[in-house]
1. For every helix of n ≥ 4 consecutive DSSP H residues, a contribution of -39,500 (n - 2.57) applies; sum these over the chain, divide by its total residues, and give [θ] at 222 nm rounded to the nearest 500 deg cm²/dmol.
2. Using the heavy atoms of the protein chains alone and a 1.4 angstrom probe, what is the accessible area of the stretch 64-145 per residue in square angstrom?
3. Is there a pair in LYS40/LYS95; LYS37/LYS95; LYS2/LYS185; LYS11/LYS95; LYS95/LYS194; LYS34/LYS194 whose C-alpha atoms are over 29 Å apart, and which pairs would that be?
4. If you place +1 on the Cβ of every Lys and Arg and -1 on the Cβ of every Asp and Glu, how big does the dipole about the Cα centre of the stretch 36-137 come out, in debye to the nearest 20?
5. Can you pull a Stokes-Einstein diffusion coefficient for the chain at 4 °C (1.567 mPa s), Rh from Kirkwood over Cα pairs, as a whole number of µm²/s?
6. Using a cut-off of 9 Å between beta-carbons, work out the net charge of the residues near ASP130 (Lys and Arg +1, Asp and Glu -1, ASP130 not included).
7. Determine the dipole magnitude for the chain: charges of +1 sit on the beta-carbon of Lys and Arg, -1 on that of Asp and Glu, nothing else is charged, the reference point is the Cα centre, and the result goes in debye to the nearest 20.
8. Given ILE52, ALA1, GLY15, which one lies farthest toward the positive end of the charge dipole of the chain, if we put +1 on the Cβ of every Lys and Arg and -1 on the Cβ of every Asp and Glu?
Amino acid sequence: AKVVGEATPEKTEGGFGRAATTIENSPEGGTGGKALKIVKPVGAEVWAGATILSLPSSQRITNGTHKTVTFNYFSPKADSPVRVELVPYPRALGKTVTVPQGWSRVVVDFTDVPTWSASENYVSLAIFPDFNISAGNAAQSYFVDDVAINGGTTPALPGAGGGGSGPFATSTVITFETGDPLGAKAVGESTAQKLEGSF
């Protein structure tokens, strides 16, 4: 319930970058019941999203044993990048995965993120739907459900792939090394045609 509404200094969970968060009925094809709806409205920042979880400093989201975050995710668009970040700042880090249209099970393994550390006290989790892409001329609605950390299990999606596990998002790491086409896009100014870059 804390994720509903805008994030503030007093309530760090919630939407940011003009994203609106509500708890709604889950779209058909998910695990049913309610889910967190993140709306990216016209004019929202391309990095708009929501802080899903903020733990006390005595607890952690990942450690040497539990290195993944999983959740079920609904995208209204195909090939949509969703970014998952662990905080605290300035040592925040993240990973971007590409998801299909509809429901998919997202598995984010942070062990291959170069700056991730098993001993770092990551206490906050943020999700950025359709990361670095403008909403365009119409608001876009995304759903997050069944977020699992610290060895928790995200329920399988029904019907997908015959075994009910759902398609897995493709993990992506941007290294900025030679031959990394995604990293190369960030060079120069961000434009309407090339959203990656400085602004």
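The values are calculated or read from the model by the stated rules, or taken from the named source; none is laboratory data. Given the structure is predicted, the values throughout are model-derived calculations rather than measurements. Ideal geometry is used to build each Cβ from the backbone, glycine not excepted, and the neighbour counts take in all protein chains shown. Remember, those area values only see protein heavy atoms, side chains included, never the ligands or the DNA or RNA. Shrake-Rupley method; radii C 1.70, N 1.55, O 1.52, S 1.80 Å.
1. My calculation for the chain gives -500 deg cm²/dmol from helical runs alone.
2. Spelled out: the 1.4 Å probe surface of the stretch 64-145, per residue, equals 38 Å².
3. Pairs exceeding the cut-off: LYS2/LYS185; LYS34/LYS194.
4. With Lys and Arg at +1 and Asp and Glu at -1, about 180 debye.
5. The estimated diffusion coefficient comes to 75 µm²/s.
6. +2
7. I would put it at about 200 debye.
8. Going by the charge dipole, the pick is ALA1.
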